[in-house]
Structures are given as structure tokens and as C-alpha cells.
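The values are calculated or read from the model by the stated rules, or taken from the named source; none is laboratory data. Keep in mind the model is a prediction, meaning the values are calculated, not measured. Glycine gets a Cβ as well: all are built from the backbone with ideal geometry, and neighbour counts include every protein chain shown.
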């Protein structure tokens, strides 16, 4: 019966897409392993300054973060536009920094408690007055190792 | 009529779609964090027991005012000249005990790199970005000098050696070897950068 024409010889066979899920899963696992979830949402503006002589912060479990910057748009009505400190998920005053560091330090395993670094993520438009107060607090609780977290880049671009 | 074989096969054609959905979710919600910066040590709060008298010529004072202008050794200076000035101060070597220094041995400047101290003061209204730029230049001055010595002694940059030493993925055999080298270079130009309390006006 001539109802169905025979396939022409030149036709390419369809490409099998059976392995597509495997490829996508591979990508998925890659992204799952290399990325980290944001542990706290930012309440402050946080454009970091640039610096070129930077060192990488290895070992995330040894780092305590302090964010400084002026509150984001939605919080400006309540908290104003002066730079504020953010500890974990809420705004804090300078006096709370010391007890925060002590509390965070107590949460870490014993062997890490002496090698902790305080990473200061400070908006580039903040003033040094607040930073100095934080530094003073850090000195009081003997958290002397600090890291001014920055982006990698030419430091002179900060001045523009 | 009884079934021929066990359960019928589940169509897995939409698996790719589900995986894509998950993939896109992770792509959107996660950020690769920028965790690098300038490492600094704060001075301990209790003052040292014996008040060491430091000669004025061994202190390199850097003052930043609230407009971001620099006063270096009581003279106005542009930020871009700071690194050179700091390097010249650090490797001045007035007492001649530093045989690797290439400084001018000016009697008015620092005795040797071990005694040289950089003192950084800032105003409460100084902008953070300016402060970081100044810190960057001062750390850069140390790094440039250390790189030069590391190139001379070991044929590679100090900053690279230090990064490799601090990287936890480096095998411990290489780390042990690097430890002494890093320590030696650090001792040649010890980082003595004091951050005094800020002035209020």
C-alpha cells in the first residue's frame, strides 16, 4: 500500500533529549554548591568602597558581620537617613555592638573563639565617627581582628 | 484480562522542566558574596605597661580632615603621592642597620623599618570611602616593599605567597615551606600602623 511514503534517505534523525535532565541537574547542583544563601536581608544601603590591596576572607564560620549604612528607602521614614548599624536582622545602637560580638562569639565552637574576624561592611558614604565608635566597642570586647570588606577595584574611584 | 507486566512506566519528559525551575530559583535567590577586604588589627584597649618613648622622626603622621584632605608630616599632600611618601619613610634606614633598604638615609626620617610607625588620624566627619582609600595606600606601601624583597629573595610576589599560604586548599607541605618565607618578609617590613582615636573637630 502506498499510503505512507517511505522516509527519504537524507532526513536527519531527531536528536535525543533524554540526557537533558541530567545536564540541567548537573547545573543545578553546581549552583546549589557554589552559592550561599543570604543569611540576613539588608536593611541598610551597602555600596562598599573599592580597594586593591585586599585579602580574601577564608573560612566563613570564623567571621562576624556588621553592616553600616543609611537605612534603605522603606525604613527611612522610621529611622531617618543618618547611617545606622545593622546587626543580624535589626537595627542597633553603638552600645549594642559589644554585647552582640560577645553573644556571637559564645555561639561559636571553643577552638574558633580566639580566631574570629569581624567583617565590617560599611557603605562608602558613611562617616568615620560611627566607625570609630564601633571600633572602640570592638576594642572593649577584645575583638581586635577586623576586616574592612570592600570590592576589588581601583581605590581612587572612591573619591569621585 | 490480567496485566502483562508490573506498573506502567512514568513519563519523565517533564523532569527537565522541573529541574529548570529549580535551577532558575537558585540562580535568582542566591548571591555570590564578595568577601574580601583590608585586614587590620585594632590596638588593645589597655595601654602597654611601659611607656616606650618613640622618637618623633620615627612616626609618620597622616591626618585626614572632614573634607578628605591629607596632612602628611604637617604638610598638605595629594592622595596619589601618599604611597610613595610612605614607602620612602619606611625604607629610609637612617641608622644603617637595614641592609636591604634603598632609602636615602635621611637623618630626619625613620631609623629602620622595625622602628618606623605610621600613625593615622581622622576626623569624625571624614567619609568612609576616603578613609579606605588612605588605608589602601598605606597597606599598598607595605605590600610594594614586601613584594620587592620577595622578588629579590624568592623570585615571586609576597602578596601571592601570602594568599597561597592563607588558602586552606593549599597542601600542608607547601604551606610549611611558605610559612617561613612569609614570616621572614613580614619581619623585614613589620606592619606598624597605629590608628589613634579620632579628633572631634
| Is one or more of the residues making up the stretch B:103-122 at the interface with chain A (Cβ under 7 Å from one of its Cβ atoms) and within 30 Å of residue A:46 (Cβ to Cβ)? | yes
| said: Among the residues of the stretch B:15-42, what is the count of those that are outside any helix (DSSP H, G or I) and at pLDDT 80 or above? | reply: 7
| query | Which one of B:74, B:81 is surrounded by fewer than 16 Cβ atoms within 10 Å (Cβ to Cβ) and at pLDDT 85 or above? | reply | B:81
| query | Does the stretch B:119-132 include one or more residues that are farther than 18 Å from residue B:80 by Cβ, touching a helix residue (DSSP H, G or I) at 6+ places or on another chain (Cβ under 7 Å) and part of a helix (DSSP H, G or I)? | reply | yes
| said: Given (1) more than 7 Å from every other protein chain (Cβ to nearest Cβ); (2) surrounded by 15 or more Cβ atoms within 10 Å (Cβ to Cβ), identify the lone condition not met by residue B:183. | reply: (2)
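Take the stretch A:120-142 and flag every residue that is assigned to a strand (DSSP E or B) and at the interface with chain B (Cβ under 7 Å from one of its Cβ atoms).
A:122, A:127 - these are the residues of the stretch A:120-142 that are assigned to a strand (DSSP E or B) and at the interface with chain B (Cβ under 7 Å from one of its Cβ atoms).
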| Residues of the stretch A:143-160 classified as more than 7 Å from chain B (Cβ to nearest Cβ) and surrounded by fewer than 16 Cβ atoms within 10 Å (Cβ to Cβ), total | 4
| remark: Taking the stretch A:98-116 and keeping residues within 21 Å of the chain's Cα centre (by Cα) and not in a helix (DSSP H, G or I) leaves A:108, A:115, A:116
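To keep it simple, each residue is scored yes or no on (1) at pLDDT below 85; (2) more than 11 Å from every other protein chain (Cβ to nearest Cβ); (3) within 15 Å of the chain's Cα centre (by Cα); (4) not in a helix (DSSP H, G or I).
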| site | (1), (2), (3), (4) |
| --- | --- |
| B:139 | no, no, yes, no |
| B:142 | no, no, yes, no |
| B:147 | no, no, yes, no |
| B:150 | no, yes, no, no |
| B:156 | no, yes, no, yes |
| B:160 | no, yes, yes, no |
| B:169 | yes, no, no, yes |
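Kindly indicate the residue of the stretch A:67-78 that is within 12 Å of chain B (Cβ to nearest Cβ) and touching a strand residue (DSSP E or B) at 6+ places or on another chain (Cβ under 6 Å) and also surrounded by the fewest Cβ atoms within 10 Å (Cβ to Cβ) among those meeting that condition. Can you show your working first?
Just the residues of the stretch A:67-78 that are within 12 Å of chain B (Cβ to nearest Cβ), to begin with: A:68-70.
From the residues that got through so far, the ones that are touching a strand residue (DSSP E or B) at 6+ places or on another chain (Cβ under 6 Å) too are A:68-69.
Numbers: A:68: 21, A:69: 24.
Among those that are within 12 Å of chain B (Cβ to nearest Cβ) and touching a strand residue (DSSP E or B) at 6+ places or on another chain (Cβ under 6 Å), it is A:68.
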